[in-house]
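Chemist: Have a look at the structure that comes next, please.
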Amino acid sequence: MKAQIVCVLLMMSLAARAQSEREWETYLRDVVTVEDVGTAAWEEMYEQLCELDQHPINLNQASREQLEQLPFLSAQQVEDIMVYLYQYGPMKSSAELQMIRSLDYQRRRLLAFFAKIDDGEQKQRFPSLKTITQYGRHELMATAKVPFYERKGDNEVYRGWPYRHWLKYQFSYGDQVKAGLVGSQDAGEPFFANKNRWGYDYYSYYLQIKHLGRLESLVLGKFRVSMGMGLIANNSFAMGKLSSLQNLGRSASTLRAHSSRSAADYLQGAGATVQIAKGLSATGFLSYRAMDATLNKDGTATTIVTSGYHRTETELEKKDNLKNTTFGGNIRYQQHGIHAGLNAIATHLNRELQPNTSVLYRQHAAQGSGFLNFSADYGYVNPRFAFNGETAMNKNGALATINSLSLQCGGQVSLMALYRFYSFRYTSLYSNSFSDGGAVQNESGVYLGVNWQPSPRWKVMAYSDYAYFPWAKYQVSQSSHSFDNMLQVTYLRNHWTLDARYRLKFRQRDNDQKTALQSRTEHRGRLSLTYDAILSSRTQLDYCQIAFRGQDRGWMVSQSLGYNHRWLRLNGGLGYYHTDSYDSRVYLYESGPLYNYGFSQFSGEGIRYWLMARAEISPRLILTAKFGTTDYFDRSVIGSGYQQIDGSSQSDIDLQVRWKF
């Protein structure tokens, strides 16, 4: 049976060529590592790219802030685009991008999805309300996920229907005005019942206005903020190791509407960025929101819950029982390649945050009801090199700093070095920056990376990252370290892309007696062959080997196919996986309806197959449906607890309707 499945997959790769996904999703898939999959930050990045795909920016009118929304552009590339527009004026066509030497073929191709070149549009004063209402665009989108199985909790404890569904309405006028409402419901959550008497379990509402005189940006409702390199505030997107190598450790300061379904890491209230003088701007924001928390018997909060699930009585009891008031801002200078900023953020909780500090690795977790963080970020960028950094302190004087230096050696090689030091006493509720341990705390390390493009057809990316953790961590009761190495080689020829990746990671963990540390070694490899055109295909082989208290192995071979023709797009895929344990699990990226993040993980033995159809009924109406099934060969029960499914197969269908008017 196994041999037959493998043979079928290999034959499909030779016999068929079909479009497997939106082309820009290849970028996201290729920079995601195991630690990134399924995190709220990467889901937010995916939704942000979906938004930009649907509403591309005009390069001839793009601000630096708009270009910095594109995670694949480095600081040098952003600077080079701005300098080119300043020196030569508006671009006439995308062919002019070839004149910007720092933009390679892949970056120019990615820009085609998120940016347009329109020299007919001229910068003008902010439009009147009549113009906005007359020429603005409306978009309504509804999505539902229907399961063909029953979970244990559906009959016993979940308070709602087993369907996941969400609704999104957005009005936009260019990039100057954006307003919308998002309602989202996870499977099992009550709808127009219990604590959700207003319908959906989660709502996001927002209004963003840009370029209104000196007012660069104004956001009302739910929004996200990023300052510097994320040491005190960054709930816009993650800085993973591969994405950092792509953008070469770029820093940014942004304020934007929260238009996604993520119930974590957003602010609620108002924020604004004002231009004080040429190159000098100031940002301020104020937020008040309710958060989920697990409470102690004395009424204090032991943990802040960010999962967003409210399916059971226990989960519903945690909903909105912690009130959070946050305010802050920055003043920033950016001119002639130099940028410098002063940032601050303060938070007050209506309940004391009192985690269980009897556990060694939680002794320095965030505690109390008042939090204050401030930082200075700084940097210099020119066509040859870029330096970026940020140094932060909390109210107790604990320090965190991150600094990166990138060099452009001709047009073929770029080098990056990054150093960070995060004290184990440093705490911040909104920080999110480069790290190996997943937090801006208890870590110091050095990261070295290289991008080498010896010819237009070959591209090599590699990094090595050493991290030291002076205090205890989860499953590690003393000081420890990790060593992470990755090599990725890409070959392009016409419509073909051959990609190979190997990653080797060492991390220390407690032995069974917790008397000493032993090394956990992880090998992960990937080999893929892609053909991109109207008809195209992708064949992929993934392998994993874990050495820790024994040997665990896992592998998966998969094939994705599709077809694009005028109003119809078909996508499908099939994969066979076999792993010894959950530790050696493998990952697969699938296309999905718009705004649906498509990474899945698999362990055990089985097959995964799916089919998606997208029909453009008219320029205003688009229908999408996706059916997917996972069949397990090694079990008769899937999952555990309330998520348990009594069966060896799990099937569901996604439906989406998108209407523009």
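The values are calculated or read from the model by the stated rules, or taken from the named source; none is laboratory data. Since this is a predicted model, take the numbers as computed values, not measurements. FYI the Cβ positions are ideal-geometry reconstructions off the backbone, even for glycines, and counts take in every protein chain you see. When the accessible area is computed, the model is the full protein with side chains, heavy atoms only, and any ligands, DNA or RNA have been set aside. Shrake-Rupley method; radii C 1.70, N 1.55, O 1.52, S 1.80 Å.
Chemist: When only C-alpha pairs under 8 Å and at least 6 residues apart count, what is the relative contact order of the stretch 384-447, in percent?
Modeler: Value for the stretch 384-447: 28 percent.
Chemist: Let me ask something additional. Please give me the summed charge of the neighbours of residue 326: other residues whose Cβ is under 13 Å from its Cβ, Lys and Arg +1, Asp and Glu -1.
Modeler: Neighbour charge sum, excluding residue 326 itself: +3.
Chemist: Which of the helices in the chain meet the span-like rule: DSSP H, Cα axial reach of 18 Å or more, Kyte-Doolittle mean at least -0.5?
Modeler: Answer set is 2-15, 75-88.
Chemist: Also, I was wondering about something else. Which residues among the stretch 491-523 fall inside the zone where the amide N is under 15 Å from a point 7 Å beyond the Cα of residue 477, along Cα→Cβ?
Modeler: 509-518
Chemist: Further question: Where does each of 538, 109 land when they are ordered by accessible area, with a 1.4 Å probe and the largest first?
Modeler: Final ranking, largest accessible area leading: 109, 538.
Chemist: How big is the gap, in Å, between the Cα center of the stretch 395-460 and the Cα center of the stretch 336-368?
Modeler: 21
Chemist: Got the relative contact order for the chain handy, in percent, Cα pairs under 8 Å and 6 or more residues apart?
Modeler: 12
Chemist: Next up: Quick check: Cα centre of the stretch 566-641 to Cα centre of the stretch 178-210, how many Å?
Modeler: One Cα centre to the other: 26 Å.
Chemist: Another question, then. Cα to Cα, under 27 Å, and not fewer than 8 places away if on the same chain: which lysines meet these conditions relative to residue 168?
Modeler: 116, 130, 145, 178, 195, 210, 222, 318, 319, 323, 626, 660
Chemist: Let me ask another. Any idea what the dipole of the chain comes to, in debye rounded to 20, about its Cα centre with Lys/Arg Cβ at +1 and Asp/Glu Cβ at -1?
Modeler: Dipole of the chain, to the nearest 20 debye: 980 debye.
Chemist: Where does each of 657, 157 land when they are ordered by accessible area, with a 1.4 Å probe and the largest first?
Modeler: From most accessible down to least: 657, 157.
Chemist: Once neighbouring chains are kept in place and the probe is 1.4 Å, which whole percent of the accessible area of the chain is contributed by carbon and sulfur?
Modeler: 57
Chemist: Now a separate question. For the chain, build the charge dipole from Cβ charges (+1 Lys, Arg; -1 Asp, Glu) around the Cα centre, then report which of 498, 174, 418 sits farthest towards its positive end.
Modeler: It is 174, whose Cα lies furthest towards the positive end.
Chemist: Do any trypsin sites (Lys or Arg not before Pro) in the stretch 165-205 lie in a loop, going by DSSP, with at most 13 other beta-carbon atoms within 10 Å of their beta carbon, and if so which?
Modeler: Those satisfying the criteria are 197.
Chemist: Between the stretch 494-522 and the stretch 129-162, how many Å separate their Cα centres?
Modeler: Measuring centre to centre over Cα atoms gives 38 Å.
Chemist: Right, next: If R₀ is 41 angstrom, what is the calculated FRET efficiency for the pair residue 362 and residue 384, using the beta carbon separation as r and rounding to 0.05?
Modeler: About 0.35, to the nearest 0.05.
Chemist: Starting from the Cα of residue 128, step 7 Å along the direction of its Cβ; do the same at residue 635; then give the gap between the two resulting points in nm.
Modeler: 6.4
Chemist: Right, another one. Kindly provide the helix-only [θ] at 222 nm of the chain, computed as the sum of -39,500 (n - 2.57) over DSSP H runs of four or more divided by all residues, to the nearest 500 deg cm²/dmol?
Modeler: -3500 deg cm²/dmol
Chemist: I would also like to ask the following. Taking +1 at the Cβ of each Lys and Arg and -1 at the Cβ of each Asp and Glu, which of 183, 211, 242 sits farthest along the dipole of the stretch 142-265 towards its positive end, judged by Cα position relative to the Cα centre?
Modeler: 211
Chemist: Continuing with the same structure: Of the listed values (1) 207; (2) 159; (3) 255, identify the label whose number matches volume of the Cα convex hull per residue in Å³ calculated from this model.
Modeler: (2)
Chemist: Top to bottom by accessible area (1.4 Å), largest first, where do 617, 209, 338 land?
Modeler: The most accessible residue leads, giving 617, 338, 209.
Chemist: Set Lys and Arg Cβ to +1 and Asp and Glu Cβ to -1, take the dipole of the stretch 378-523 about its Cα centre, and tell me which of 438, 486, 389 lies farthest positive.
Modeler: Final value for the positive-end residue is 486.
Chemist: When the chain is fully extended, how far beyond the present Cα-Cα distance does residue 583 get from residue 54, taking 0.36 nm per residue of separation?
Modeler: 186.7 nm
Chemist: Same structure, new question: Quick check: net charge around residue 660, other residues with Cβ under 9 Å of its Cβ, Lys/Arg +1 and Asp/Glu -1?
Modeler: Local net charge: +2.
Chemist: Still on this structure: Using alpha-carbon pairs under 8 Å, 6+ residues apart, how would you state the relative contact order of the stretch 352-418 in percent?
Modeler: Relative contact order for the stretch 352-418 comes out at 20 percent.
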